[in-house]
Amino acid sequence: MIGALAGLVQPLLMGMDPERAHRLAIKALKSGLVQAPPVRPDPRLAVSLWDLEFSGPLGMAAGFDKDGEVPDALLGLGFGFVEVGTVAPAPQPGNPAPRVFRLPDARAVINRYGFNTAGQAAVLANLRDRRKKGGIVGINVGANKLTQDKPADYVAGIAAFARHAAYLTINISSPNTPGLRDLHHDAALEDLLGRTQGERDRQSEAIGRHVPMLLKISPDLDDQALDAIAEAIIRYGFDGAIVSNTTVDRTGLRGRHAGEAGGLSGRPLFDRSTVLLARLRQRTGPDVPLIGVGGIDSAQAAYEKVRAGASLLQLYTGLIYRGYRLIAEINRGLAQSLRRDGFDTITKAVGTATDDWAARKIE
């Protein structure tokens, strides 16, 4: 079915308005139309992190399954994990359409969705239906656009989802919610991390499990901001970070929609996000797991993220241009790269080129 989708449905989706194509993809996954043949996971790709056993390092990034409608269908396509969200406490429609734009020549997308979400209650209802199905599903929480006390919304998200999440992600990196990226800095960062850590610890004690909590950061940070982020992650006991969300940088970008406001994802983000990943790993050390995301559209790109310092990987935009067959292609290519380089597990390849990547200039 994956081959049929790639050969027949993918061109159809690319001919549609991007947001309509996204909704149709969710419906197809819900209906069971999109299925992959059973594949035995390559043991070299298994990753043990926190109290979780990942069958493979490749995950579905937040932004695709915003409301927790199809996590099991996505896991069935070969993902090692899925991240639902971003979920804000109250439903909100996000920004007016059009708000998603493809840049095919650059293999990129610009979006300004603005945290459209069905809200916590609806997402909880969807996830309760899958509680006993297994598989690793993380939940990405955020703040409503009009909330004045944004850390309070993150605390509410932790309280709502701690029992249902394999891990939680604190998303402070969307460029489409006013004031959100201000949380990367100074007293705002301290307040956010202190309050979310406290709530996570309370929830962990109540449910009898330490719920891993990650921070998702912007790729548009300078070294001083990255220093502060790294120090705060360690001091507040965060379990890792996701590097990175979309960028507002447009350097060298051409095309009809290049000037649209919003966050840029896809191939142009790869170098920037990978350099930032390596620099954060230098600052936090190997004991703070990082998830690498941004511009992964091939097995080689995925392997470079690993070598730069990523213990796990996520993608989204690559699927828009390559289709679901990309998942198996990356998993297969990663195993081949490990075999070629003499690694019997993917964990042994993590960070083997961190210094090389960190030394690169961000153009």
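Laboratory data are not the source of any read-out in this text; all were calculated from the coordinates shown. Remember, predicted model here, so these are calculated numbers, not experimental data. All Cβ positions, glycine included, derive from the backbone under ideal geometry; neighbour counts span all protein chains shown.
A few notes on this one:
- DSSP bridge pairs, the chain: antiparallel proportion in percent, nearest 5: 30
- Computed 3J(HN,Hα) for the range 343-357, one whole-Hz value per residue from the Karplus formula 6.51 cos²θ - 1.76 cosθ + 1.60 where θ = phi - 60°, is 9, 8, 9, 5, 4, 6, 8, 5, x, 6, 10, 4, 5, 4, 5, glycine and proline marked x.
- Arranged from fewest to most other beta-carbon atoms within 10 Å of their beta carbon, 304, 260, 231, 205 become 205, 231, 260, 304.
- Gain in span if fully extended, residue 224 to residue 14, counting 0.36 nm per residue against the direct Cα distance: 71.6 nm
- Averaging the sequence gap over all C-alpha pairs within less than 8 Å and six or more residues apart, then dividing by the number of residues, gives the range 1-144 a relative contact order of 22 percent.
- Check: the range 59-209 dipole with +1 on Lys, Arg Cβ and -1 on Asp, Glu Cβ, in debye: 420
- Ascending count of other beta-carbon atoms within 10 Å, so fewest first, for 327, 26, 110: 26, 327, 110
- Residue among 148, 300, 314 with the largest mean-square fluctuation in a Gaussian network model of the chain, springs linking Cα atoms under 10 Å: 148
- Charge dipole of the range 7-66 (Cα centre as origin; +1 on each Lys and Arg Cβ, -1 on each Asp and Glu Cβ, all else neutral): 240 debye, rounded to the nearest 20.
- Low-density loop cleavage sites - trypsin sites (Lys or Arg not before Pro) in the range 276-363, where at most 16 other Cβ are within 10 Å (DSSP): 360, 361
- Rel. contact order, % - alpha carbon contacts under 8 angstrom, at least six apart, the chain: 17
- Within the listed set 146, 214, 58, the Gaussian network model of the chain (springs between alpha-carbon atoms below 10 Å) gives the highest mean-square fluctuation for 146.
- Candidate aspartates and glutamates for bridging to residue 132, where Cα separation is under 20 Å - those fewer than 8 sequence places away on the same chain excluded: 51, 53, 65, 67, 69, 72, 83
- In a fully extended conformation the segment linking residue 35 and residue 188 would gain 50.7 nm over its present Cα-Cα distance, using 0.36 nm per residue.
- Once the C-beta distance of residue 124 and residue 149 is scaled by a Förster radius of 22 Å, the resulting FRET efficiency is 0.50 to the nearest 0.05.
- P(r) histogram, all alpha-carbon pairs of the range 47-358 included - 10 Å bins from 0, percent: 6, 29, 39, 22, 3, 0
- Set of aspartates and glutamates with alpha-carbon distance to residue 361 below 14 Å, sequence-local pairs under 8 removed: 220, 222, 223, 271
- A simple spin-label model places pseudo-atoms 7 Å from Cα toward Cβ; at residue 231 and residue 355 they are separated by 2.5 nm.
- Within the straight-line cut-off of under 23 Å between alpha carbons, the lysines reachable from residue 150 are 66, 216, sequence neighbours fewer than 8 places apart in one chain being disregarded.
- Choice from 11, 219, 71 with maximal GNM fluctuation in the chain (Cα, 10 Å cutoff): 11
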